[in-house]
1. Quick one: ranking 163, 1, 50 by accessible area, 1.4 Å probe, largest first, what do you get?
2. Using alpha carbons only, what's the Rg to Rh ratio of the stretch 44-197 with Rh from Kirkwood?
3. Under the Karplus relation 6.51 cos²θ - 1.76 cosθ + 1.60, θ = phi - 60°, what is the ordered set of whole-Hz ³J(HN,Hα) values for the stretch 7-22, x standing for Gly and Pro?
4. Stokes-Einstein D for the stretch 93-164 at 25 °C, 0.890 mPa s, Kirkwood Rh over Cα pairs, in µm²/s?
5. Can you work out the accessible area per residue across the stretch 80-167, with the rest of the protein chains kept in place, probe 1.4 Å, in square angstrom?
6. Evaluate the relative contact order of the stretch 1-63 (contact order divided by residue number), counting alpha-carbon pairs under 8 angstrom at least 6 apart; express in whole percent.
7. Work through the residues other than residue 99 whose Cβ is under 15 Å from its Cβ and net out their charges, Lys, Arg +1 and Asp, Glu -1.
8. How big is D, in µm² s⁻¹, for the chain by Stokes-Einstein at 37 °C and 0.692 mPa s if Rh is the Kirkwood radius over C-alpha pairs?
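The values are calculated or read from the model by the stated rules, or taken from the named source; none is laboratory data. If you're wondering where the values come from, they're calculated on a predicted model, not measured in any experiment. A quick note on method: Cβ atoms are made from the backbone with ideal geometry, for glycine too, and the neighbour counts reach across all protein chains shown. Heads up: the accessible areas ignore ligands, DNA and RNA and are worked out on the full protein's heavy atoms, side chains in. Shrake-Rupley method; radii C 1.70, N 1.55, O 1.52, S 1.80 Å.
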Amino acid sequence: MKKWNLVIDISKCHDCNNCFLSCKDEYFENDFPPYSVAQPRHGHRWMNIMRKERGQYPKVDVAYLPIPCMHCDDAPCVKSAKDGAVYKRKDGIVLIDPEKAKGKKDILSSCPYGAIWWNDEKALPQKCTFCVHLLEDGWKQPRCVQACPTGALQVLFVEDAQMKKIRESEGLEVYKPEYKTKPRVYYKNLYRYTRCFVAGSVALQDTDECAQGASVTLKKGQRKVIAKAETNNYGDFKIDNLEENSGSYTLEIRYPEYKKQSLSFNLGKSLNLGTIFLSRA
């Protein structure tokens, strides 16, 4: 049968918080039995946007990672909760029963993503419901997806076999796969948040001009070629999607009529190598 899935493109998220605000607008002071009771005005972020800065001045970028409930197929919250306080529907949506879960604060710690929030006034754990009340009323997407101005959020209601093909063809990943919870929230361009880059600029020493079109080759150690790039009209290059704390690398730069330049370095987090000057051959 078809199930609900959420796809989040990190490259399109600009931290506008429309998803968070639309969620707050939908759930503050509104009960939607039997799925949810009103969200408090402050504190809860059912769509919680994390932020990460990479690199060093002036080669810096920022990525935003929206984290809702992952609606996992192997959900720890469902396993830990008793008497059906947390349950998973056949369409893939995980829900907290607002009656059965009352007073059960221990449910919060069961979620490795920190996606469950505690309502002090109602003594109740709460989280994203995938706007199930709207879907049952004929909506094709939750409020957060409807409100996203850049298309960073996309909902797919498909069978698992089709979702597997989409995931493979579009290079979708899950966040923190080591948790082994089988999330139904997938990410595109996740490397912008979880991995790192090496960047720099190339200039000609004798003319002090930018070296546009210089060939840049990144090798692991001294031999294995990891990636290749070409400098732009400012002499800049950037090689992304590298593993953090991955050890020693060698960068080779070639430019017609100039000597080859090689640099060796250890890669911890994203690294700006600064300006690399080439001398005439």
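1. Per-residue accessible area, sorted high to low, gives 1, 50, 163.
2. 0.98
3. Going residue by residue, I get 10, 10, 9, 4, 5, 9, 8, 10, 6, 6, 6, 4, 5, 4, 5, 5 Hz, with x marking Gly and Pro.
4. 171
5. Using a 1.4 Å probe on heavy atoms only, each residue of the stretch 80-167 averages 51 Å².
6. Taking the mean separation of contacting Cα pairs over the length of the stretch 1-63, I get 27 percent.
7. +2
8. 154
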